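Contents: one structure, followed by commentary.
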Amino acid sequence: TFATLNGSADPNLGTTTGYFRYSTVSPGTCNDSFGTRAPASGGTNLGSGTSQVGFAQALTGLTPGATYYFCAIATNGVGTGFGTVLSFLTPAPPAMTTLAASLVTATSATMNGSGNPNNAATTAWVRYSATNPIVCDDFFGTRVPSTGGVALGAGAAPVNFAWATAGLLPGNTYYFCAIGSNSVGTSFGTVQSFTTPPTAPIMVTSTTTLITGTTATLNGTGNPRGDAATGWFRYGTVSPGTCNDTFGTRAPAAGGTALGSGNTMLAYNVPITGLTPGTTVYF
């Protein structure tokens, strides 16, 4: 929103005043009628010598992301001289775009974004959460990275960036967005989402309880890992070596305990009967 205009003029032995004119519309060649005069009246006293004297004028209230045209003007009792027309572009907050996630697995994903620095050094990062923020902001969920980010430079063209994230839960939907900041401000991309695929449940066999000569309760826990899971047991008097779904007897004979579709361990059990006293049972 601000800039300093610079120029110089040779007074050529006449008491000379220097000033500028500027506008968002190019005047083609410098003149004393286009755009805005800076300052509005008067100017910088450049003396009455015979060498170039530099002068400057600070501007405020400019529009971010706009091109301005300006020129130096100097006047004395003999006449007015004009400099060439130059231009400058005021920086603006970065323009951020959230791109589709890639390389999505059950526990990891790469979140992608793009940012146009708009002529100011820009840093970019992403935020993600299992809860939809609806509108992107810099407060929800987890920031990746936790501090800093990717340097996108200070150009005027979009720059792609990506962050790989691990430790996700299988079968979950995650929401994320691209964020970028420069000296002018912070901008946000739209909220995008991806869903991690489920994976096979994690099963743990626990200690048997309520053992009698002919009965026992088989215990276990299971993590559905993001997909609707059912738990059951197999048992027999001959060790299978490793667990499989063909040895011995299935308990129950069909179906089993619904463990839901979350990502936490849930305990379940099945009582069995008809055992032979004094017999080792594998399950």
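The values are calculated or read from the model by the stated rules, or taken from the named source; none is laboratory data. Computed from a prediction, not measured in an experiment: that's the story for all the values here. FYI the Cβ positions are ideal-geometry reconstructions off the backbone, even for glycines, and counts take in every protein chain you see. Quick note on the areas: whole protein, heavy atoms, side chains included, nothing else; ligands and nucleic acids left out. Shrake-Rupley method; radii C 1.70, N 1.55, O 1.52, S 1.80 Å.
Listed here are the residues, each with its yes/no results for (1) within 30 Å of residue 178 (Cα to Cα); (2) open to solvent by 40 Å² or more (accessible area, probe 1.4 Å); (3) touching a Lys or Arg at 6+ places or on another chain (Cβ under 8 Å); (4) of a type outside the set (Gly, Ala, Ser).
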| site | (1), (2), (3), (4) |
| --- | --- |
| 52 | no, yes, no, yes |
| 59 | no, no, no, yes |
| 65 | yes, yes, no, no |
| 79 | no, no, no, no |
| 89 | yes, yes, no, yes |
| 106 | yes, no, yes, no |
| 112 | yes, no, no, yes |
| 115 | yes, no, no, no |
Among (1) among the small types (Gly, Ala, Ser); (2) without any contact (Cβ under 8 Å) to a residue 24 or more places away in the chain; (3) closer than 30 Å to residue 72 by Cβ - the single one residue 146 does not satisfy: (3)
Sort out which residues of region 50-86 are modelled with pLDDT of 95 or more, farther than 18 Å from residue 19 by Cβ and small (Gly, Ala, Ser), and write them in order of number. 51
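Just need a number here: residues in region 248-278 that are open to solvent by less than 60 Å² (accessible area, probe 1.4 Å) and in contact (Cβ under 8 Å) with a residue 24 or more places away in the chain. Explain how you work it out, then say what you get.
Just the residues of region 248-278 that are open to solvent by less than 60 Å² (accessible area, probe 1.4 Å), to begin with: 248, 250-252, 255-257, 259-260, 262-263, 268, 270, 272, 275.
In the following step, the residues that additionally are in contact (Cβ under 8 Å) with a residue 24 or more places away in the chain were identified as 248, 251, 255-257, 259-260, 262-263, 268, 270, 272, 275.
The total comes to 13.
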Odd one out for residue 105 among (1) within 22 Å of the chain's Cα centre (by Cα); (2) of a type outside the set (A, V, I, L, M); (3) not in a loop (DSSP other than H, G, I, E, B): (3)
Kindly indicate whether residue 212 is assigned to a strand (DSSP E or B) and within 30 Å of residue 277 (Cβ to Cβ). no
When you scan region 108-135, how many residues do you find that are part of a loop (DSSP other than H, G, I, E, B) and under 20 Å from residue 170 (Cα atoms)? 4
Looking only at residues in region 190-200 that are part of a loop (DSSP other than H, G, I, E, B) and buried (at least 19 other Cβ atoms within 10 Å of the Cβ), which one is farthest from the chain's Cα centre (by Cα)? 198
